Amino acid sequence: QKEVEQNSGPLSVPEGAIASLNCTYSDRGSQSFFWYRQYSGKSPELIMFIYSNGDKEDGRFTAQLNKASQYVSLLIRDSQPSDSATYLCAVKGGSYIPTFGRGTSLIVHP
Amino acid sequence: EAGVVQSPRYKIIEKKQPVAFWCNPISGHNTLYWYLQNLGQGPELLIRYENEEAVDDSQLPKDRFSAERLKGVDSTLKIQPAELGDSAVYLCASSHGTGEGDGYTFGSGTRLTVV
């Protein structure tokens, strides 16, 4: 069974700090990786995706992928209280259907 | 561009009653998904449609759940009869396809409470 693991948190960081969210996956054949943000009571929204080893930057967000170690991470620079949400990692393999982790709760305190 | 539209937003029913959820995907998105999300968990796939064809329904409890996507646009998900354990958020999502970079756009979800 394909598994996507995330620490449920909460991860608490001060405003302005870097928040680091991690995700590991079991299927070595996984090809693309997604990060979704979900505010309480709302539906998930796509932040970014990555499918090549290395870093991908989009504004304050950086996704990092290491296929050899089977992990993907999301860095949020200059964290803001509005970044407080649950961050879901999703991994897509040969079936083309993403498997979601349970999410990590992030709290950015002023 | 209008997003994925779902209705109703909330539904409370008694156990053993039927319930139906409706989804209108983003125009031009051929792939439609129904997910179930329990509190504190990630979304779990129930069924995937490519146009009007259900291509992945292995996780759908077929004894009580059914879905359809007539004409390859709108979709409905039905539960009959509902059980207490069905209480969850039912999310509909759509995408252009299933390629590497095709992420989902989710609807607002239907929060079902079975009492």
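The values are calculated or read from the model by the stated rules, or taken from the named source; none is laboratory data. Please read these numbers as outputs of a predicted model, since none were measured by experiment. A quick note on method: Cβ atoms are made from the backbone with ideal geometry, for glycine too, and the neighbour counts reach across all protein chains shown. Calculation scope for accessible area: heavy atoms of the full protein, side chains included, ligands and nucleic acids excluded. Shrake-Rupley method; radii C 1.70, N 1.55, O 1.52, S 1.80 Å.
In the set A:69, A:52, A:40, which member is within 11 Å of chain B (Cβ to nearest Cβ), outside any strand (DSSP E or B), more than 17 Å from residue A:99 (Cβ to Cβ) and open to solvent by 70 Å² or more (accessible area, probe 1.4 Å)?
Only one candidate passes the filter, namely A:40.
Residues of the stretch B:81-106 being surrounded by 17 or more Cβ atoms within 10 Å (Cβ to Cβ) and either of a type in the set (Ser, Thr, Tyr) or more than 14 Å from chain A (Cβ to nearest Cβ) (or both), which ones?
B:82, B:86, B:87, B:90, B:94, B:95, B:98, B:104, B:105
From (1) away from chain A (no Cβ under 14 Å); (2) within 25 Å of residue B:3 (Cβ to Cβ), pick out the condition that doesn't hold for residue B:56.
(1)
Just to be sure, is residue B:26 outside any strand (DSSP E or B), of a type in the set (A, V, I, L, M) and away from chain A (no Cβ under 12 Å)?
yes
Among the residues of the stretch A:86-110, write down those that are assigned to a strand (DSSP E or B) and within 14 Å of chain B (Cβ to nearest Cβ).
Result: A:86, A:87, A:88, A:89, A:90, A:91, A:92, A:99, A:100, A:104, A:105.
Looking only at the stretch A:6-19, which residues are surrounded by 15 or more Cβ atoms within 10 Å (Cβ to Cβ) and not in a loop (DSSP other than H, G, I, E, B)?
Residues satisfying the conditions are A:11, A:13, A:19.
Within the stretch B:51-80, can you find the residues that are open to solvent by 50 Å² or more (accessible area, probe 1.4 Å), touching a residue at least 24 places away in the same chain (Cβ under 8 Å) and not aliphatic (A, V, I, L, M)?
Residues satisfying the conditions are B:74, B:78, B:80.
Would you check which residues across the stretch B:32-50 are more than 9 Å from chain A (Cβ to nearest Cβ) and buried (at least 18 other Cβ atoms within 10 Å of the Cβ) and list them?
Passing the criteria: B:32, B:34, B:36, B:46, B:47, B:49.
Hey, residue A:32 hits all of (1) open to solvent by less than 60 Å² (accessible area, probe 1.4 Å); (2) modelled with pLDDT of 95 or more; (3) farther than 24 Å from residue B:40 by Cβ but one; which does it fall short on?
It fails just one condition, (2).
Table: residues versus (1) more than 27 Å from residue B:111 (Cβ to Cβ); (2) under 10 Å from the mean Cα position of the chain (by Cα); (3) of a type outside the set (Lys, Arg).
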| residue | (1), (2), (3) |
| --- | --- |
| A:4 | no, no, yes |
| A:7 | no, no, yes |
| A:16 | yes, no, yes |
| A:23 | no, yes, yes |
| A:68 | yes, no, yes |
| A:82 | no, no, yes |
